[in-house]
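The values are calculated or read from the model by the stated rules, or taken from the named source; none is laboratory data. Keep in mind that this is a model prediction, so the values were computed, not measured. When we count neighbours, we look across all protein chains shown, and the Cβ atoms used for this are built from the backbone with ideal geometry, even at glycine.
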Amino acid sequence: MTKLVPVLSAHWDEKDSFTIQAYTRHGGYTASQKALSMDPDAVIQVVKDSGLRGRGGAGFPTGMKWGFIPQGDNKDHYLVVNADESEPGTCKDTPLLMANPHVLIEGCIIACHAIRAKNAFIYIRGEVTHVVRRLNQAIEDAYKAGHLGDGVDLVLHVGAGAYICGEETALLDSLEGFRGQPRLRPPFPAIAGLYARPTVVNNVESIASVPAIIMNGADWYQSMGTEKSKGTTLYSLSGHVNNPGQFEAPLGITLREILELSGGIRTGHSLKFWTPGGSSTPIFTSAHLDTPLDYEGVAAAGSMLGTKALQIFDETTCVVRAVLRWTEFYKHESCGKCTPCREGTWWLVQILRDLEAGKGTEADLAKLLDLCDNILGRSFCALGDGATSPITSSIQYFRDEYIAHTKNQGCPFDPVASTLFVGVGV
Amino acid sequence: MTTTEIVDMITVVIDGFEVSVPKGTLVIRAAEQLGIQIPRFCDHPLLDPVGACRQCLVDIEINGRAFPKPQASCTIPVESGMIVKTQLTSAVADKAQKGVMEFLLINHPLDCPVCDKGGECPLQNQAMSNGQGQTRFQGVKRTFEKPINISSQVLLDRERCILCARCTRFSEQIASDPFITLNERGALQQVGIYEKQPFKSYFSGNTVQICPVGALTGASYRFRARPFDLVSTPSACEHCASGCDMRTDVRRGKTLRRLAGNDASVNEEWNCDKGRWAFKYVTAVDRLTHPMVRNEFGELVQASWPEALAAAAKGLKTHTSAVLVGGRATHEDAYGYSKFARVALGTNDIDFRSRRSSEEEREFLAAHIVGSTTTYFDIDRADHVLLVGFEPEEESPIVFLRLNKQRRKRALKVTAIASKLSIGVEKLKGEFVKVAPGQEALAIAKQTLTVKSIILVGERASESAGVLTAVAALADSSGAKIAWIPRRAGERGALEAGAIGNLLPGGRLVTDSAARIDLCAFWGTESLPTSIGRSSQEIYSAVNSGVIGALVVGGLDPLDGANSSEALAALERAFVVSLEIAPSEVTKRADVVLPVAAITEKNGSFLNWEGRARSFDSAVQDSLNRSDLRILSMIAEAMDTSLNLGTVTAAAKEIATLGAWEGTRASMKAVSVVKAPVLAPDQFILNSWRRLLDLGTLQKGEENLAGTARESVAVISPNRAQTLGVIDGDILKISTSVGSVTLATLIEEIHDDAIWAPRNSLDSQLLVNLDASHGEVVTVVKL
């Protein structure tokens, strides 16, 4: 059985894990020294060889992304870290940055060296004030210790609370001071990103994984995970489980294994459905308990690994209600730039509300699926696509439950039963 | 001729048909070449692609590799080996388009029966061609308060808006007036204005025209007509020398709106708000409708046409006469005045320059401008554009747009020789060479230009001695081209028609006997006057000294000249035959008043600053009003002579047959700069220009347009503000011996010796109140 392998989370249980003292005590900032003594191209090669893939959802090979930056072009290059973690269910970067902000800072130093950048920006979600404070302190400490400022400058930019700014080009617009809306591609950020300069945009976890790869080598990282999905990653378990939290394991572990390691589904209940990687990844059911949670395994089963946000819902949960909540989120967060996402989510919510209230018909399901077909692959960016995932997948697995709402002329579930305070006598 | 650029052609297959288009062409436009119309909203050929509306989705494969999902054809350039399937051949593309159309309509109100756009609406039309007959939407539509003013002349209906961002992109990319933007998000996204900056753009009307729905409407046209009830006539703009192609829409004999026409070589698809909205002066209640003659009691009374023509002929035959044309006559009318002066009156005392002007300018026009062929295309290729006495955004807005386009496209270098840094030059990111008013020539001499450079000279260049001499010298030494851009639409045509004392039609010199003989033969006259005629100012003086006894006056404002009291006195004293559309200062002093047709009531042409003919037809079919030319012919006949110019068409034909003179060209005498005056601490040198939107006669009757005019201010430099002890907003009194104006201070980039104020704006009518406009010393005190 695959065991948990804490790399990123190795020292999170120490009370002072977030301090520069704790980080250096465990060998922090030696990887950056090692990288700085290497040729930048060699650093890129190590990351390429490690097989590290982007942890923000798409899984694009990180080393390859770095390799796209044109060299010797006499232009400024930029590194931008996407810390705008906003998707429902996704909660890995926040705990990572709370527990060990320095590993990200060190990763930035190494990445900047590799892509010949002098400036790095961390774009962080505005609502997580506690993380902003902690990261600011860490950056200050890194400057004081001389890790930053001599060659690399790091700026923390606090977002204003828009889901769309997690989309990399919208993030760049927002970082430049404009309203965050996705940009037309090409040009891609590697050619014309921040301030129209070659830019790498990476997820927090991707960059935070780099120091360990530099210290331990590509082979070490390669030895973990599956054929095409290498290394360890953070799985964020939440919902109807006894012991929610971060579980770091090699890619390819299954939900069944994670549940066994973590204490299982809420006592007395059974798994109904779950997301493998956040709300924009099609849902799974108990039939997928043994699906390997790597990029290929999840894709083969019809979903996406995404951000490995394992949201667990037990049998007390009304799937229509859950999907409606997610869809309301997408409607609220649609940036409005393109028609399918802007108008489509406005419409989907209304149909789902009727369905949940028992005012829908079976014909509405066909309409929902057709509208999703008119949004998926028709919108400007991937966020419109994501809005359709919960709807299409839930109708695929739970069509009967939708129909039950129409027959029952209302929701057959007791909403209180799915809450944490059920039985507390509220 | 022009050099041919070698263009790479790419062949693609669209719906089974091959088409070759230049590299870089977007798929949507390659399809147009085949007559395949892909529906679209956000796409506009003159704006950067955005790919927002998703209406133009098509299936594309390149060398056998198909895109996994439909692509926006408005954002993808053609590539060789590309096979495109539009809605006509791809079921996927067709469904995608129908799906997007359905989405667009769910939040769009069913306003069509009362919407200005209904009948010419891209959403309505394409919902019919590429949508479904029925909606499946049974939910609640998004609602907003409607409409809201985003300026006094542009109304925004947010419910109708489909968020294509054409208006915001136009304002940012074309006009460089980013005063509107999209804000909020999702379905609540909406066009908005900044809290402190309303949509006061000179080009805002274009957003109304390119809006693909009825979201942006003009306050003056709203609810006035349905498009299918309008009769449209191609026309040309009469407001300035840019020469915009226009369309005039008339219902039941009344002009209801004017739109920018499409002429790639001149105004592309744009125009300015004055051209679009200032047309009500034509239908203003005070139009002259009947001839009038002053009776023995000194009263102007209604007369019949024969009576009035006889009175005019009698007066002109019994006095030595001169002609003042005004700058707004059409090319054909100006030719009529020119021929009338020479043939019927036997004089060269004619001048179209009803404004401040100089002998230096008259010689410059004869030597360098008449017959010249600098064009917009030269701006497109110029390496450097020098602005002299010319403020493009205010005085010829389409020239501004062209400069701005080249600035954005290839960082065209623009240098302005001026006393004040203008908003327009700032937007052009131009170099500002700061000079004291009157001292421009010295700065011009220091410029370095090449054969690819252009000097754009405004009519205000005549207001400082030596400027045009310096321009001619600079062009001569560098090989740079000169273009003269007057403000009024008729000036270039009047120059070519010889409505000026030193030139006969076609650039023939008055003093050149060969040219005179040529023209005598052509006109069938025995002789032509041989001496150079008087300028406007000299004509007024000659009247006041008794040398000239009668004036034929076209549409002009006597207060526009250098010495308005002298002009008014001359009009009072002379026998005046006035050809006008509405009562004016001239009418009050005229002896015979003959009403003439306004621009929309006649055909003809203007020559824009390039010398390019901008012809137009009468938009109003049942007008009884006649063109100036026709009336001049009738006066001539009453004087027992003949112009042989019965119609505008005949005049145009005669002008074309006569052609341009290829003989001797005039030369010009050099004029020196006048030494700068020594200023007391409370003295400044006045600098001014007319703003695009001001108190101009042709803007009468359009309050909504006037609401977007820029505020009247007095601009002084930070140094002088400190000396005077004033801050922004303090009230300054600017005085001359004639009078004064009081204006709020604005401290800006301006020469320390200069004070700037708008020439003819609200609270700032410098010619009337100060009898000064440029170069005069004024006294300034803080109130």
query: When you go through A:Asp373, A:Asp364, A:Asp400, A:Asp385 one by one, which is the residue that is over 30 Å from A:Leu171 (Cβ atoms), modelled with pLDDT of 95 or more and either within 14 Å of another protein chain (Cβ to nearest Cβ) or crowded, with 24+ Cβ neighbours inside 10 Å (or both)?
result: A:Asp364
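Checking the condition surrounded by 24 or more Cβ atoms within 10 Å (Cβ to Cβ) and either of a type in the set (Lys, Arg) or in a loop (DSSP other than H, G, I, E, B) (or both), which residue from B:Phe390, B:Phe400 passes? Quick ask: steps written out before the conclusion?
Working: B:Phe400 fails: either of a type in the set (Lys, Arg) or in a loop (DSSP other than H, G, I, E, B) (or both).
Checking each option against the conditions leaves just B:Phe390.
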- prompt: When you scan region A:239-316 for strands (runs of 3 or more DSSP E) that lie fully inside it, which ones turn up with 3 or more residues that are within 24 Å of A:Met224 (Cα to Cα)?
  reply: A:245-250
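If you check B:Ile180, B:Ile150, B:Ile174, B:Ile193, which single one turns out to be within 14 Å of chain A (Cβ to nearest Cβ), β-branched (Val, Ile, Thr) and buried (at least 18 other Cβ atoms within 10 Å of the Cβ)? Outline the logic, then answer.
Values: B:Ile150 fails: within 14 Å of chain A (Cβ to nearest Cβ); B:Ile174 fails: within 14 Å of chain A (Cβ to nearest Cβ); B:Ile193 fails: within 14 Å of chain A (Cβ to nearest Cβ).
Exactly one residue qualifies, and that residue is B:Ile180.
So which residues in region A:166-179 are of a type outside the set (Asp, Glu) and in a helix (DSSP H, G or I)? Give the steps one after another, and end with the answer.
Here is the first cut: in region A:166-179, the ones of a type outside the set (Asp, Glu) are A:166, A:169-172, A:174-175, A:177-179.
Within region A:166-179, A:Gly166, A:Thr169, A:Ala170, A:Leu171, A:Leu172, A:Ser174, A:Leu175 qualify.
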statement: Here the residues within region B:300-357 that are outside any helix (DSSP H, G or I), surrounded by 21 or more Cβ atoms within 10 Å (Cβ to Cβ), over 28 Å from the mean Cα position of the chain (by Cα) and of a type outside the set (Ser, Thr, Tyr) are B:Ala322, B:Leu345, B:Asn348, B:Asp349
Which numbered condition B:Gly701 misses (of (1) part of a loop (DSSP other than H, G, I, E, B); (2) modelled with pLDDT of 95 or more; (3) out of contact with any Gly (no Cβ under 8 Å at 6 or more places or on another chain); (4) crowded, with 16+ Cβ neighbours inside 10 Å): (2)
field: Number of positions in region B:420-468 that are charged (D, E, K, R), part of a helix (DSSP H, G or I) and surrounded by fewer than 22 Cβ atoms within 10 Å (Cβ to Cβ)
entry: 2
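Just for region A:350-361: of the residues that are buried (at least 19 other Cβ atoms within 10 Å of the Cβ) and more than 13 Å from A:Asn408 (Cα to Cα), which one is nearest to the other protein chains (Cβ to nearest Cβ)? Explain how you work it out, then say what you get.
Here is the first cut: in region A:350-361, the ones buried (at least 19 other Cβ atoms within 10 Å of the Cβ) are A:351-352, A:355-356, A:360.
When the remaining residues are screened for being more than 13 Å from A:Asn408 (Cα to Cα), the result is A:351-352.
Details: A:Ile351: 7, A:Leu352: 11 Å.
Filtering first and then ranking leaves A:Ile351.
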- line: Taking region A:150-174 and the residues there that are at pLDDT below 95 and closer than 19 Å to A:Pro211 by Cβ, the one that is farthest from the other protein chains (Cβ to nearest Cβ) would be A:Asp150
query: Do you know which of the residues in region B:30-62 that are under 13 Å from B:Cys164 (Cα atoms) and either surrounded by fewer than 24 Cβ atoms within 10 Å (Cβ to Cβ) or of a type in the set (Lys, Arg) (or both) is farthest from the other protein chains (Cβ to nearest Cβ)?
result: B:His44
message: over 21 Å from B:Gly389 (Cα atoms), surrounded by fewer than 22 Cβ atoms within 10 Å (Cβ to Cβ) and acidic (Asp, Glu): is that true of B:Asp476 in this structure?
response: no
query: When only residues in region B:123-138 that are within 14 Å of chain A (Cβ to nearest Cβ) and touching a residue at least 40 places away in the same chain (Cβ under 8 Å) count, which is farthest from the chain's Cα centre (by Cα)?
result: B:Asn130
- prompt: Looking at region A:199-238, which of the residues that are part of a loop (DSSP other than H, G, I, E, B) and either in contact with a strand residue (DSSP E or B) (Cβ under 9 Å, 6 or more places away or on another chain) or of a type in the set (A, V, I, L, M) (or both) is surrounded by the fewest Cβ atoms within 10 Å (Cβ to Cβ)?
  reply: A:Ser223
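Going residue by residue through region A:346-369, is there one that turns out to be hydrophobic (A, V, I, L, M, F, W, C), in contact (Cβ under 8 Å) with a residue 60 or more places away in the chain and more than 27 Å from A:Thr233 (Cα to Cα)?
Checking region A:346-369: not a single residue is hydrophobic (A, V, I, L, M, F, W, C), in contact (Cβ under 8 Å) with a residue 60 or more places away in the chain and more than 27 Å from A:Thr233 (Cα to Cα).
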field: Odd one out for A:Cys335 among (1) within 24 Å of B:Arg142 (Cβ to Cβ); (2) more than 10 Å from every other protein chain (Cβ to nearest Cβ); (3) within 28 Å of the chain's Cα centre (by Cα)
entry: (2)
message: Step by step: first the residues of region A:125-147, then only those that are buried (at least 21 other Cβ atoms within 10 Å of the Cβ) and in a loop (DSSP other than H, G, I, E, B), then the one that is farthest from the other protein chains (Cβ to nearest Cβ). Which residue is that?
response: A:His147
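I'm trying to understand the selection: among the residues of region B:79-107, which are within 13 Å of chain A (Cβ to nearest Cβ), under 27 Å from B:Glu18 (Cβ atoms) and among the small types (Gly, Ala, Ser)?
Correct list: B:Ala91, B:Ala93, B:Ala96.
Name the single residue, out of those in region B:63-78 being within 14 Å of chain A (Cβ to nearest Cβ) and not in a loop (DSSP other than H, G, I, E, B), that is surrounded by the most Cβ atoms within 10 Å (Cβ to Cβ). Spell out the reasoning first.
The initial filter retains those residues of region B:63-78 that are within 14 Å of chain A (Cβ to nearest Cβ), namely B:66-77.
If we keep only those that are not in a loop (DSSP other than H, G, I, E, B) too, we end up with B:66, B:71-72, B:77.
Values: B:Ala66: 11, B:Gln71: 20, B:Ala72: 27, B:Pro77: 17.
Checked region B:63-78; the qualifying residue surrounded by the most Cβ atoms within 10 Å (Cβ to Cβ) is B:Ala72.
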message: Suppose the filter is under 24 Å from A:Gly302 (Cβ atoms) and among the acidic types (Asp, Glu); does A:Asp414 pass it?
response: no
task: Check whether at least one residue in region A:97-110 is within 16 Å of the chain's Cα centre (by Cα), crowded, with 24+ Cβ neighbours inside 10 Å and on the phi < 0 side of the Ramachandran plot, and report yes or no.
output: yes
query: From the list B:Ile6, B:Ile60, B:Ile36, B:Ile10, which one is part of a loop (DSSP other than H, G, I, E, B) and touching a strand residue (DSSP E or B) at 6+ places or on another chain (Cβ under 9 Å)?
result: B:Ile36
task: Those residues that are out of contact with any strand residue (DSSP E or B) (no Cβ under 7 Å at 6 or more places or on another chain) and in a helix (DSSP H, G or I), I need them from region A:49-77; list them, please.
output: A:Asp49, A:Gly63, A:Met64, A:Gly67
message: Condition (residue is in contact with a strand residue (DSSP E or B) (Cβ under 7 Å, 6 or more places away or on another chain), in a strand (DSSP E or B) and either buried (at least 16 other Cβ atoms within 10 Å of the Cβ) or free of Cβ contacts under 8 Å to residues at least 60 places away in the same chain (or both)) applied to region A:157-165: is it met by at least one residue?
response: yes
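Within the group A:Thr281, A:Thr307, A:Thr327, which residue is at pLDDT 95 or above, surrounded by 22 or more Cβ atoms within 10 Å (Cβ to Cβ) and within 14 Å of chain B (Cβ to nearest Cβ)? If you could, list the steps in order and put the result at the bottom.
Working: A:Thr281 fails: within 14 Å of chain B (Cβ to nearest Cβ); A:Thr307 fails: within 14 Å of chain B (Cβ to nearest Cβ).
That would be A:Thr327, the only listed residue that is at pLDDT 95 or above, surrounded by 22 or more Cβ atoms within 10 Å (Cβ to Cβ) and within 14 Å of chain B (Cβ to nearest Cβ).
Residue-by-condition table, conditions (1) buried (at least 18 other Cβ atoms within 10 Å of the Cβ); (2) at pLDDT below 95; (3) in contact with a Lys or Arg (Cβ under 7 Å, 6 or more places away or on another chain); (4) part of a loop (DSSP other than H, G, I, E, B):
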residue	(1), (2), (3), (4)
B:Ala680	no, no, no, yes
B:Val715	yes, no, yes, no
B:Ile734	yes, no, no, no
B:Val738	no, yes, no, yes
B:Leu743	yes, no, no, no
B:Asp752	no, no, yes, yes
B:Pro758	yes, no, yes, yes
